[in-house]
Every structure is written in C-alpha cells, then in structure tokens.
Amino acid sequence: MTSTPGSGWPAGPPPQGPGPNQPWGVPPWPPNSTPPNSVPPAAGYPPPDAHRYPAQPPHGYPPSGYPANADPQPGGQTPPGFDPRRALGEQPPAHVSIGEFAPPSNRTPLLITIAALVTLVLVIAGGLYVRSLPVAQPSASASPTPAATSAGPGHPFNTPDDRQKGRWEILSSNWIDEGLIVELRIYSDDGSISFSFMAFSNASAQVVSPASSPREPDIRTGTASPARPSTGYVFFPMSRGDATIILANGAGRQMSALAVKG
C-alpha cells in the first residue's frame, strides 16, 4: 500500500512490521550484503542496488591500491622518495657539537712538566751520588790555630785607625738625684791610648757629656798604657733609666760602648 494524498495516510514511508523502524531510504541491512529472504543475483549481473551502495573499505584502512600509511595522491600514485616514517617538511640541520670548534690541544705545558720532572730526578740522583762519596779526613799534622784572645779582663776595643787595641770595663754604677756615677777601668794592649766618654739615655737617645765627678779620681779624659791602666769615676748628669756609656778616643771618635741598667 502506498501513501496517496487524501487517502488518510500521512506522507512518508509505509508502515513497517515489528522491529525498529529504519530511516526512509536506508536499507535495514549492511551495505554490500544480501537482504534477508532475497534471491541471489544471477551470474554475471551485479547485485541489486550496487550502484546505490558502493563497497566501502573498513574504517581506518586505505583504499585498494594505496600502500599502508601513505597519503593518497591524485591518480592513485605514491610520490617518489616518500618515506612514511619521516616527518613532513624541511628536515632539521644536523647536530653540531661545540667540541668541533675547539682549538687543538697545546702540548707545551705537558712537555714542560715532563722536563721539570726529569730535571728533578737528575738533581736528586746527583745529590745521592755526592753523598755516597767518601769524605776527606783532615791531615793529622794539621792543628787548629787558636784564636787571639784578650790579654786581660774587660771588653776589647780598637782605635779608629785600627793601629792600637785595648780593653775596658765598668767596675760599678750608682744613680743619684743629679745623675749617674760609673767607675771605669781602661787597658791598653800596645802603646798609649787617649780616651774620652759620652752617654745617652736609651729612652731619648740624647747624647750627654760628662761633668765634674763628685768622686775622685775623675777620669773624664785621660791616657792608658800597657804598663799603667787608667781607673777612676765619670759622672753623667741625666735622668735615671737604662743608658749606654760610649768610649771614644781623645778626638771624640767612638771606639766601643757598654750598657748600664737604670
């Protein structure tokens, strides 16, 4: 029965039997399959509705004639040199390591180090060889010459021209309110030696000349000879403290010095 205007049936597909209704124009069976309760086509004839429902490949597969993973090209051809495993587009440049631009290694420090080690080994070997040599023993006939010693007590001194020498010593020292009194003795080892004295405080380094001594004999100046040493007192008007007594010749040129505690 067909739907005819005015027949009481609505326009559209005829009613269907039991089961889900299919959209109008869509067969209730899969494409390229034989409808149920249909007669197979005769040999040499296409199946019914072949022009209406062409065969479709399964979803996810390329059409027949195309290689797997290849994009179809016009005319069903694969472009020459195409590799489906490579990314499309311009290839990135080859990886370059910074080490390729490094200058060639300099072997000069290594050679210098090796030369220094060789030199050190030679020096050590030479030292061991020298130490292994026998040490020459001094001759039995040779005897050490005794050093010249002073002929008597006191501190030795020489005259400024080194022609004469002698000895001198501080026998005693005494601080009073006015200054320092020292008892001195001067010896001459050869010939007569004229002498004089000066002093200075170690705190100020100010030179002080002797004054008249409250004790006798006063030997601010004098002469000493091998036969007759000179002994007496010298007074220095200075503040109490560590001081230095200077022995000079008659012209005031220094010959020796001795310290005195304050």
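A few comments on the model shown:
- Scanning the stretch 193-208 for residues that are of a type in the set (S, T, N, Q) and at pLDDT 95 or above, we see that the one that is nearest to the chain's Cα centre (by Cα) is Ser196.
- Annotation note: Cβ proximity below 7 Å between a residue of the stretch 223-246 that is free of Cβ contacts under 8 Å to residues at least 40 places away in the same chain and a residue that is exposed (fewer than 15 other Cβ atoms within 10 Å of the Cβ) and of a type in the set (Asp, Glu) (sequence gap 6+ or interchain) occurs for Pro226/Asp190.
- Residue list for the stretch 188-241, filter: of a type in the set (Val, Ile, Thr) and open to solvent by 70 Å² or more (accessible area, probe 1.4 Å): Val207, Thr221, Thr223
- Boolean, Val130 is modelled with pLDDT under 95, open to solvent by 50 Å² or more (accessible area, probe 1.4 Å) and in a loop (DSSP other than H, G, I, E, B): no
- Residue among Gly81, Gly99 that alone is at pLDDT below 70, part of a helix (DSSP H, G or I) and of a type in the set (Gly, Ala, Ser): Gly99
- Within the stretch 149-250, strands (runs of 3 or more DSSP E) holding 1 or more residues that are among the aliphatic types (A, V, I, L, M) and within 14 Å of Gly262 (Cα to Cα): 180-188, 193-201, 243-248
The values are calculated or read from the model by the stated rules, or taken from the named source; none is laboratory data. This structure is a prediction, so every number in the text was calculated from the model and none was measured. FYI the Cβ positions are ideal-geometry reconstructions off the backbone, even for glycines, and counts take in every protein chain you see. Each accessible area value is taken on the protein alone, full model and side chains, heavy atoms only, with ligands, DNA and RNA left out. Shrake-Rupley method; radii C 1.70, N 1.55, O 1.52, S 1.80 Å.
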